[in-house]
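Everything below concerns the one structure shown next.
The values are calculated or read from the model by the stated rules, or taken from the named source; none is laboratory data. These numbers were taken from a predicted model, which means no experiment stands behind them. As a convention, Cβ positions derive from the backbone with ideal geometry for all residues, glycine included, and neighbour counts pool all protein chains shown. Each accessible area value is taken on the protein alone, full model and side chains, heavy atoms only, with ligands, DNA and RNA left out. Shrake-Rupley method; radii C 1.70, N 1.55, O 1.52, S 1.80 Å.
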Amino acid sequence: MGKALDGVRILDFTHVQSGPTCTQLLAWFGADVIKVEKAGTGDITREQLRDIPDADSLYFTMLNHNKRSVTIDTKNPEGKKVLETLIKSCDVLVENFAPGALDRMGFSWERIQELNPRMIVASVKGFGPGPYEDCKVYENVAQCAGGAASTTGFDDGPPVVSGAQIGDSGTGLHLALGIVTALYQRTMTGRGQKVLAAMQDGVLNLCRVKLRDQQRLERTGVMKEYPQYPNGTFGEAVPRAGNASGGGQPGWILKCKGWEADPNAYIYFITQAPVWAKICNVIGKEEWATDPEYATASARLPRLQEIFAEIERWTMTKTKFEAMDILNKYDIPCGPILSMKEIAEDQSLRKTGTIVEVDHPVRGKYLTVGNPIKLSDSPTDVTRSPLLGEHTDEVLAEIGYSPEQIDVLRSEGAI
Ligand code: CAO
């Protein structure tokens, strides 16, 4: 079976996390992704957080599947010529260098357009145009600048960053969508275009509900589904909401059996209004289903803490999986707090290809997260990340270089 992006060639100048997640997705959809790296060192993550000496780190291998690697010195005049040939033969150039680095290499938008007017140039930057546009940015900076940190954590504690890499992988996702959209527009216009995904913007897009709440707060001074209501105070900005649900159905994280020893023996419990009577039955508080103090969603809002404490008395008598089994029978929305160990061992995630075991010639077998997006006509086969420069000769031969020319380039240090 073919792949959705068969025939699309990507010149991949990405490094670290945000850019590589984007090009990895495109590779999984069938694009030929040619990763350009510095000779000798390559993507800095190859050696970061290493768990096996001299083997590419999991940081690198888990973000660079299904790609080819070429090493080119982009500051060497002959290396630049190789890149010019590559630019002419590719559809998309993806980069997440610090602001200005691509221009300093001599590959401005204008120059790239001269070489290939169909080229789409896609960039991740920390910030869009404005006071911070020249800043280098990493994941947590984006989480802080995009509104995630100020709205995450508990009211009596400092801002907290999320384990989910919404700044890096989140922005990579945004960029991937921008790229396929630009490819689609190119089928009509014949022209390439610039695609920019700023990490601050990507995080803010994922924090959309918090900007919603900022405006609700300014209008009403209070948000009744927040844990600050009714006893706490609201300030001028959206406060940290602990584990409250971000939507209209109140939820909280509750202890389950074994919580004293197991840091993840918890369940997320949502008191969804349509199943309120069933919740009352399950926890043995049948009277709450008809008591006007508890029977309606609005009557419950000032009593959420008391209600969750009562539900927790029930969840503490069950393991999180026992509680799930019971609650699911009644269509009560809930979710176990799964540890990474439990996720790694989950057989259903293995079956769907969301968790995949990959073999690597240097590091051996390891687990990775496969393609989370499943296309029925474009199945994903996850293949290992490339060794540094593994495909330099192969790719140069494809764009017309003879073995002798490749030898000369190598002796000049261009590749
Ligand atoms: N050959 C020769 N030189 C190369 C090269 C190659 N193949 N590939 C890259 N380089 C050079 C670049 O030209 C640049 O040189 P100059 O600074 O002289 O122009 C240099 O390597 C370093 O690039 P960089 O500035 O992007 O890298 P850094 O380690 O200093 O910064 C980062 C890293 C991530 C902070 C920065 O790239 C950035 O802000 N990127 C945009 C935002 C982003 O994606 N952040 C997410 C990172 S994941 O947490």
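Taking loop as defined by DSSP and a crowding limit of 16 other beta carbons within 10 Å, which trypsin sites (Lys or Arg not before Pro) in the stretch 169-241 fit?
Passing sites in the stretch 169-241 are Arg191, Lys224.
Out of the chymotrypsin sites (Phe, Trp or Tyr not before Pro) in the stretch 35-136, which ones are loop residues according to DSSP with at most 14 other C-beta atoms within 10 Å? Show your work: numbers first, answer last.
Details: sites: Tyr59, Phe60, Phe97, Phe107, Trp109, Phe127, Tyr132; in loops: Phe97, Phe107, Phe127, Tyr132.
Taking the stretch 35-136 and a limit of 14 other Cβ atoms within 10 Å, no loop chymotrypsin sites (Phe, Trp or Tyr not before Pro) are found.
Which is the longest part of the chain that has none of the GluC sites (Glu not before Pro) sitting in a DSSP loop with at most 12 other Cβ atoms within 10 Å? Working shown, then result.
Numbers: sites that count: Glu236, Glu260, Glu293.
After excluding every exposed loop site, the longest remaining stretch is 1-235.
Report P(r) for the stretch 145-214: all Cα-Cα distances, bin width 10 Å, range 0 to the bin holding the largest distance, values in whole percent.
Result returned by the calculation: 19, 39, 24, 13, 5, 1.
Which aspartates and glutamates have a Cα less than 14 Å from the Cα of Lys210, not counting those fewer than 8 places away in the same chain?
Asp201, Glu218, Glu225, Glu236
Expressed as an acute angle from 0 to 90° and rounded to the nearest 10, what is the orientation of the C-alpha long axis of helix 304-315 relative to the principal long axis of the chain?
80 degrees
Quick query: amide H of Asp155 versus all other amide H atoms, modeled in the peptide plane; which residues come in under 5 Å with a sequence gap of 5 or more or a different chain?
For Asp155, whose amide H was placed from the backbone, the distant partners under 5 Å are Gly242.
Given a Förster distance of 25 Å, report the FRET efficiency between Ser376 and Asn264 from their Cβ-Cβ distance, rounded to the nearest 0.05. Could the numbers behind the result be given before it?
Details: r = 34 Å, r/R0 = 1.36.
Once rounded, the FRET efficiency stands at 0.15.
What are the residues whose amide H is under 5 Å from the amide H of Lys35, where those residues sit 5 or more places off or on another chain and H is modelled from the backbone?
For Lys35, the qualifying residues are Asp12, Arg68, Ser69, Val70.
Would you grab the residues whose amide H sits under 5 Å from the one on Gly30? Only those 5+ places off in sequence or on another chain, please, with H modelled 1.01 Å from N.
Long-range HN contacts for Gly30: Leu5.
What Kirkwood radius, in Å to one decimal, follows from the Cα pairs of the stretch 251-332?
Every distinct Cα pair counted, the radius reaches 12.8 Å.
Set the Förster radius R0 to 56 Å, insert the Cβ-Cβ distance between Leu349 and Glu293 as r into 1/(1 + (r/R0)^6), and round the FRET efficiency to 0.05.
0.85
Calculated FRET efficiency, Ser89 and Ala164, Cβ-Cβ r, R0 41 Å, to nearest 0.05?
The computed FRET efficiency comes out at 0.65.
What pairs from Lys3/Lys194; Lys67/Lys194; Lys224/Lys329; Lys224/Lys255; Lys67/Lys351; Lys35/Lys81 go past 21 Å between their alpha carbons? All intermediate terms of the calculation are to be shown ahead of the outcome.
Details: Lys3/Lys194 25 Å; Lys67/Lys194 23 Å; Lys224/Lys329 29 Å; Lys224/Lys255 23 Å; Lys67/Lys351 24 Å; Lys35/Lys81 17 Å.
Beyond 21 Å between Cα atoms: Lys3/Lys194; Lys67/Lys194; Lys224/Lys329; Lys224/Lys255; Lys67/Lys351.
Using alpha carbons only, how many angstrom separate the centre of the stretch 1-65 from the centre of the stretch 348-398?
Spelled out, the Cα-based centre of one part sits 10 Å from the other.
Hey, can you find the accessible area per residue of the chain for me, probe 1.4 Å, expressed in square angstrom?
I get 49 Å² per residue for this part.
For the stretch 248-260, take each phi angle, set θ = phi - 60°, evaluate the Karplus expression 6.51 cos²θ - 1.76 cosθ + 1.60, and give the result in whole Hz per residue in order, putting x for glycine and proline.
Calculated HN-Hα couplings, in order: x, 10, x, x, 7, 8, 10, 5, 10, 3, x, 4, 4 Hz.
If you plug each phi of the stretch 70-86 into the Karplus form 6.51 cos²θ - 1.76 cosθ + 1.60 with θ = phi - 60°, what whole-Hz ³J(HN,Hα) values come out, in order, with x for Gly and Pro?
10, 9, 9, 7, 6, 9, 8, x, 6, x, 4, 5, 4, 5, 4, 5, 5
Using the scaling law 2.2 N^0.38 Å as the reference, what is the normalised Cα Rg of the chain?
Rg over 2.2 N^0.38 Å, computed on Cα atoms: 1.18.
Starting from the stretch 313-369, pick out the chymotrypsin sites (Phe, Trp or Tyr not before Pro) whose DSSP state is loop and whose Cβ has at most 15 other Cβ atoms within 10 Å.
Tyr330
On the protein heavy atoms, probe 1.4 angstrom, tell me the percent of accessible surface of the chain carried by carbon and sulfur.
The computed percentage sits at 55.
For the stretch 113-247, what does the equivalent ellipsoid look like in terms of its semi-axes, each the square root of 5 times an eigenvalue of the Cα gyration tensor, given largest first in whole Å?
37, 15, 12
Per DSSP H run of n ≥ 4, the term is -39500 (n - 2.57); total these for the chain, divide by its residue number, and report the mean residue ellipticity at 222 nm rounded to 500 deg cm²/dmol.
That comes out to -10000 deg cm²/dmol.
Around Arg50, what is the net charge, scoring Lys/Arg as +1 and Asp/Glu as -1 over all other residues with Cβ under 10 Å from its Cβ?
Overall, the nearby charge balance is -2.
From largest accessible area down, sort Thr352, Thr71; use a 1.4 Å probe on the protein chains.
Working: Thr352 80, Thr71 15 Å².
From most accessible down to least: Thr352, Thr71.
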